[in-house]
Every structure is written in structure tokens, then in C-alpha cells.
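The values are calculated or read from the model by the stated rules, or taken from the named source; none is laboratory data. Keep in mind that this is a model prediction, so the values were computed, not measured. Neighbour counts run over all protein chains shown; Cβ positions are idealised from the backbone, glycine included. Surface areas here come from the heavy atoms of the whole protein model, side chains and all, with no ligands, DNA or RNA. Shrake-Rupley method; radii C 1.70, N 1.55, O 1.52, S 1.80 Å.
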Amino acid sequence: MKLLYSPFSPFARKVRIAAIETGLQDRIEAVPTSTEDPASGLSGRNPLNKIPVLETEFGPLYDSPVICEYLDSLHDGPKLFPAAGPARWKALRWLALADGLQDAALLIRYELTLRPTEKQHEPWIERQKAKIRTALDRMEADAAELDGPLTIGAIGAACALGYLDLRFADWGWRGTHPRLAAWHAGFAERPSYVATIAQA
Ligand SMILES: N[C@@H](CCC(=O)N[C@@H](CS)C(=O)NCC(=O)O)C(=O)O
């Protein structure tokens with residue numbers, strides 16, 4: 001299977017970590033893909049022209065939660081997506097919160113890097129920052145839920161925090177979210193996390 005990705009994409013990182021944690025990495029060929037390059041063929045695989053995309057024998061799969069759940073169906077080890085009950089819904093809620101944080105952070109990133117300075121809209125940036133702050137506060141309050149068996153929610157949270165470290169290190173989220181910081185420090189020792197660190 002081919003994974004169209006960028007080393008800087010937190011969504012693709014989640015997929016790459018899931019692949020390593022489930023022992024599937026050797027079945028996946030990671031193909032660096034630019035969302036800016038029409039010749040990449042990305043839009044022919046994902047009409048939204050977003051990465052990650054996983055090419056499978058039955059066609060392309062997107063977005064990252066779908067790819068992760070597909071990968072989770074391919075192995076017999078402990079599942080990243082709990083099968084049922086509160087454990088499943090909590091893992092999916094963590095995943096949604098982490099992805100939402102990443103969406104807001106990416107919107108800020110695009111505003112600051114793709115728009116001319118004179119067209120950047122500070123209230124829009126502040127609105128996204130507010131989402132990130134309230135998401136981090138919720139994560140801090142619920143951080144104890146991240147302990148225990150590894151889930152896709154925990155992987156998502158680690159990637160979202162890693163993206164803040166990559167692009168917005170000066171925000172200093174650790175100072176205001178100590179429980180989350182302690183949890184993240186433990187997660188950051190996992191070989192899957194280390195192997196997927198992007199250099200800015
Ligand atoms: N919901 C999607 C989000 C993917 C996403 O936003 N990817 C970014 C890169 S990190 C992208 O492809 N952006 C290009 C664009 O928005 O045009 C997922 O979970 O896969």
C-alpha cells in the first residue's frame with residue numbers, strides 16, 4: 001500500500017504512528033506528496049486534495065481516521081479503536097478533539113504562510129487560537145483518560161501536541177497544561193513517535 005503524506009502533516013503522522021504501533025509499517029510505502037503540486041496526482045485520489053491518502057487494492061482511502069481504522073482492521077494485535085462501549089466513544093472523542101485542534105492550528109498556519117501579510121485577519125487567527133486554548137484545557141482536565149491501553153485517541157492527541165511543538169513552539173502550551181505535558185513526555189519516548197518527528 002502507498003501512503004501519500006508529508007513529514008510535516010500531523011494527520012499523516014497519526015497514520016504513520018498507527019502503522020508502526022500495529023506492526024504494519026513494512027506493508028506501507030510512504031510517498032512524499034505536495035498538496036501544492038497539481039502533477040502529484042493527489043486530487044485524482046482525494047477530491048479534497050488533502051493528505052494523507054492510503055492507496056489500497058480497492059482504491060484510495062481518506063481521511064486520516066478512516067485510514068487508521070482500516071489499518072486497525074488488518075492486524076490481530078491489541079486494537080487502537082476499542083470495539084465497543086465507553087472505551088470506544090472516549091477514544092473517538094479524543095480523536096475528534098485532537099483533529100479539531102490540528103484543523104485550527106493548520107488554519108492559522110495557512111493564514112500566516114499562504115496569505116499576503118496585508119490580507120491576514122487577526123480576529124480570524126484569534127478565533128482559531130481560542131479553539132486551541134479550550135481544546136488544550138479540556139485535554140488537561142481529562143489527561144488521566146490517556147493512561148492505559150494505547151488508543152487512536154492518544155495517538156491523535158500526541159500528534160496534535162507535536163504539531164504545536166513543530167509550528168507554534170513559542171506558545172508554550174506545557175507551562176499552562178502540566179498534566180498533559182507529563183503525559184506527552186511519556187508518549188514522546190515511544191519509538192513510533194521518535195521515528196516520525198519532522199524537522200521544521
Ligand atoms: N480531515 C483530514 C485533514 C487532512 C488535512 O487537512 N491535511 C492537510 C495537510 S496536514 C492538507 O492536505 N492540506 C491541504 C489543503 O487543505 O488544501 C484528515 O484527517 O486526513
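Karplus-based coupling profile of the range 162-177, in residue order and whole Hz: x, 5, 4, 4, 5, 9, 9, 4, 6, 5, x, 4, 5, x, 9, 9, with θ = phi - 60° in 6.51 cos²θ - 1.76 cosθ + 1.60 and x standing for Gly or Pro.
Only lysine pairs 8 or more places apart, or on different chains, with alpha-carbon atoms under 23 angstrom apart are counted in the chain, and they number 14. Against the criterion of solvent-accessible heavy-atom surface with a 1.4 angstrom probe, Glu111, Glu55 sort, most first, into Glu55, Glu111. Looking at the range 2-72, the accessible area is 48 square angstrom per residue; that uses a 1.4 Å probe and ignores ligands, DNA and RNA.
Here the dipole of the range 54-184 is about 420 debye; that uses its Cα centre as origin and unit charges on the Cβ of Lys and Arg (positive) and Asp and Glu (negative).
Computed with every protein chain present, the accessible area of Arg174 is close to 100 Å² [probe 1.4 Å].
How large, in percent, is the carbon and sulfur part of the accessible surface of the range 2-72 at a probe radius of 1.4 Å?
On the way: 1730 of 3410 Å².
Using a 1.4 Å probe with all protein chains present, the range 2-72 comes out at 51 percent carbon and sulfur.
Just checking the listed ones, Ala87, Ala12, Ala154: in the Gaussian network model of the chain with Cα springs under 10 Å, the one fluctuating most is Ala87. Measuring between their Cα centroids, the range 77-97 and the range 158-179 lie 23 Å from each other.
Computed from the C-beta positions of Glu57 and Glu118, the FRET efficiency with R₀ = 41 Å rounds to 0.25.
Per residue, how much accessible area does the range 85-190 show when a 1.4 Å probe rolls over the protein heavy atoms, in square angstrom?
Numbers: 5510 Å² over 106 residues.
So the range 85-190 comes to 52 Å² accessible per residue, rounded to a whole number.
The share of accessible area on the range 110-200 that comes from carbon and sulfur is 55 percent, using a 1.4 angstrom probe.
Scaled to the compact-protein estimate 2.2 N^0.38 Å, what is the alpha-carbon radius of gyration of the range 2-72, rounded to two decimal places? All intermediate terms of the calculation are to be shown ahead of the outcome.
On the way: Rg = 11.1 Å, N = 71, 2.2 N^0.38 = 11.1 Å.
In units of the globular-protein estimate, the range 2-72 measures up at 1.00.
Counting heavy atoms of the protein chains alone, His121 has an accessible area of about 100 Å² for a 1.4 Å probe. Of the whole protein surface, Trp124 contributes about 90 Å² of accessible area at a 1.4 Å probe radius.
By accessible area of protein heavy atoms, probe 1.4 Å, what ranking do Thr176, Thr151 get, highest first?
Numbers: Thr176 100, Thr151 30 Å².
Final ranking, largest accessible area leading: Thr176, Thr151.
Stokes-Einstein D for the chain at 4 °C, 1.567 mPa s, Kirkwood Rh over Cα pairs, in µm²/s? The diffusion coefficient I find is 74 µm²/s.
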